[in-house]
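Undergrad: Sharing a structure below in structure tokens format, with a few things to ask.
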Amino acid sequence: MRNEALAKVKSEGQWDIAIIGGGATGLGIAVDAASRGYRTILLEKYDFSKGTSSKSTKLVHGGVRYLANGDIKLVYSALKERGLIFQNAPHVSFVQSFVIPSYSIFNKYKFLIGLKIYDWLAGKLRIGKSTLLNKKEVLHKLPQAKSKNLKGGIEYFDGQFDDARLAINLAQTAIEHQAIVLNYAEVIKITKNEKGVITGLTFIDRESAKEYDIAAKSIINATGIFVDDILKLDTATHKNLVRPSQGAHIVIDKKFLGGTDALMIPETSDGRVLFGVPWHDKVLLGTTDTPLDEHQIEPRPLEDEINFILNTAQNYLTIAPTKKDILSIFAGLRPLAAPTDGDKNSTKEISRDHKLIVNKSQLITITGGKWTTYRKMGEETVDRAIKTAKLPLQNCKTTKLPIHGSTTVKRSGHWQMYGSDYAPLQELINSRSDYAKKVHENYDFRVGEIVWACRYEMALHIEDFLARRVRLLLLDAKASLETAPYVAQIMASELGKDQYWIDQEIDSYKNLVKNYLI
């Protein structure tokens, strides 16, 4: 698929919309633009959702915390989009019950009132009803919750999803609507006419080192924490718009929660919220909100963040996890629109909503936002591109647009990741005995899935497969490292690579995994 896409880049004339960035925002824009019929190309420097978009807390939610902060508009919009994700991508999203254990009668009713408002804001897209629980009911749903002084709790409902799998499905959806979507394509130059208006860009295919020049009526900068880097290609004197905020997570065995309900801790020591969420037969604990001055593609959770998560969990769980119980750690950087004044060390007041900016050159930049609102962000960005570049008007189609893989839903095990691809993937696995072999003895990932990822999902490196096509790096970093040489051999066979490539891949992956091991 990728070679075909590159060939089309050479033959295509002028694109209507060129998108820089292949995370949640960029992919959402690509789906919106392509489904309206615009000639669309998306270029991602790394792999799809390599950055923040594969390192979320895996929640499709309105944001209970934002409601507490009084950001009603953001919560209302996100709850609507939550409902649309369930409608359009049921194969990678589902309703998750959350329990808030309460050790204060006052807090129990305070949280219930807030969550009733949360339900009400969802309107007809409400996915469940918040209810009071007594002590016995809380302990039934959260067997490992501390019972001393427990006054009961509240159950409410939100969504969970697999972020990297949705990203791949969005890329496939855009392709199905005739978009060109490329990973490992780095934009290095923006071109303009004599009036200073953008006319195109230059990118490098990082796999072949070949340069490509393309013409485009509109260019959209959707690079998340890297938006300032692209803006500096447009204006050398540009001052940074984004202040990164790090969200750290740890992954532990499911025994620490003991059930299928998620834990929500509404008031941590720093006044935030913390989640313990069942995810792919493990439990994900997070997140933090740590302001940083620099951004990088592979951030590592700070020691203080790991200790904060463990210490907070210890206050609520009878058998609390320790560092030796951690299977993987990971962090994502939120691209928050930076405040112009105030406390630079606080991210509490930085807007979680997205912002659209149009430069004098007509370069469009979108920053901020969250996974749940990716579709709405795409719609608004394409609307702006139509107006800015004077494109022929076409109405948005994504409100009721099924995402690739949504036609068949199978929720058992990791097959949930594949949706309608399940049948052909299973057919591929059954076609050869070696394709049915497990990639790692402790996990139900098969050799056929490696083949599938190489052939149909643009997986070019072992990290692409182990981190994002399946999620083994985030679920069990040590196990992913153990299987990396085997995965490299299978991928080399599929991609026509030699032993030197295998050795380079393994060395590169070893260095990467260091960020995920405690």
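The values are calculated or read from the model by the stated rules, or taken from the named source; none is laboratory data. Computed from a predicted model, the values in this text were never measured in an experiment. Please note: Cβ atoms are built from the backbone with ideal geometry, for glycine as well, and neighbour counts cover all protein chains shown.
Undergrad: Are any residues in region 441-477 farther than 22 Å from residue 497 by Cα and either over 17 Å from the mean Cα position of the chain (by Cα) or at pLDDT below 95 (or both), and if so, which ones?
TA: Just the residues of region 441-477 that are farther than 22 Å from residue 497 by Cα, to begin with: 441-445, 471-477.
Passing the criteria: 441, 442, 443, 444, 445, 476, 477.
Undergrad: Report whether or not residue 179 is touching a Leu at 6+ places or on another chain (Cβ under 9 Å) and within 30 Å of residue 457 (Cβ to Cβ).
TA: Taking the combined requirement at face value, the residue satisfies it.
Undergrad: Okay, moving on. When you scan region 212-244, how many residues do you find that are charged (D, E, K, R) and surrounded by 22 or more Cβ atoms within 10 Å (Cβ to Cβ)? Walk me through how you get there before you give the answer.
TA: Taking region 212-244 and keeping what is charged (D, E, K, R), we get 213, 217, 228-229, 232, 234, 239, 243.
Narrowing further to those that are surrounded by 22 or more Cβ atoms within 10 Å (Cβ to Cβ): none.
Matching residues across region 212-244 total 0.
Undergrad: Oh, and also: Of the numbered conditions (1) free of Cβ contacts under 8 Å to residues at least 40 places away in the same chain; (2) within 21 Å of residue 111 (Cβ to Cβ); (3) not in a loop (DSSP other than H, G, I, E, B), residue 283 fails exactly one; give the number of that condition.
TA: Only one criterion in (1) free of Cβ contacts under 8 Å to residues at least 40 places away in the same chain; (2) within 21 Å of residue 111 (Cβ to Cβ); (3) not in a loop (DSSP other than H, G, I, E, B) is unmet by residue 283, namely (2).
Undergrad: Can you spot a residue in region 105-127 that is within 30 Å of residue 47 (Cβ to Cβ) and either over 28 Å from the mean Cα position of the chain (by Cα) or not charged (D, E, K, R) (or both)?
TA: Checking region 105-127: not a single residue is within 30 Å of residue 47 (Cβ to Cβ) and either over 28 Å from the mean Cα position of the chain (by Cα) or not charged (D, E, K, R) (or both).
Undergrad: Follow-up. Scan region 245-262 for residues that are out of contact with any helix residue (DSSP H, G or I) (no Cβ under 7 Å at 6 or more places or on another chain) and either surrounded by fewer than 17 Cβ atoms within 10 Å (Cβ to Cβ) or aromatic (Phe, Trp, Tyr) (or both) and jot them down.
TA: Of everything in region 245-262, those that are out of contact with any helix residue (DSSP H, G or I) (no Cβ under 7 Å at 6 or more places or on another chain) and either surrounded by fewer than 17 Cβ atoms within 10 Å (Cβ to Cβ) or aromatic (Phe, Trp, Tyr) (or both) turn out to be 254, 255, 256, 260.
Undergrad: Just checking, how many residues over region 274-315 are under 21 Å from the mean Cα position of the chain (by Cα) and either among the basic types (Lys, Arg) or under 25 Å from residue 471 (Cα atoms) (or both)?
TA: Of the residues in that region, 28 qualify.
Undergrad: Please verify whether residue 353 is in the same structural domain as residue 36 (by TED's automatic domain parsing) and either farther than 30 Å from residue 144 by Cβ or modelled with pLDDT under 95 (or both), treating the condition exactly as stated.
TA: Here the answer is yes, as residue 353 does meet what is asked.
Undergrad: Under 9 Å by Cβ, and 6 or more places apart or on different chains, what pairs join a residue from region 58-70 that is at positive phi with one that is part of a helix (DSSP H, G or I) and polar (S, T, N, Q)?
TA: 63/372
Undergrad: Six or more apart or on different chains, Cβ atoms under 6 Å: show the pairs whose first residue is in region 464-483 and in contact (Cβ under 8 Å) with a residue 12 or more places away in the chain and whose second is among the basic types (Lys, Arg).
TA: Short answer, once both residue conditions are applied: 475/282.
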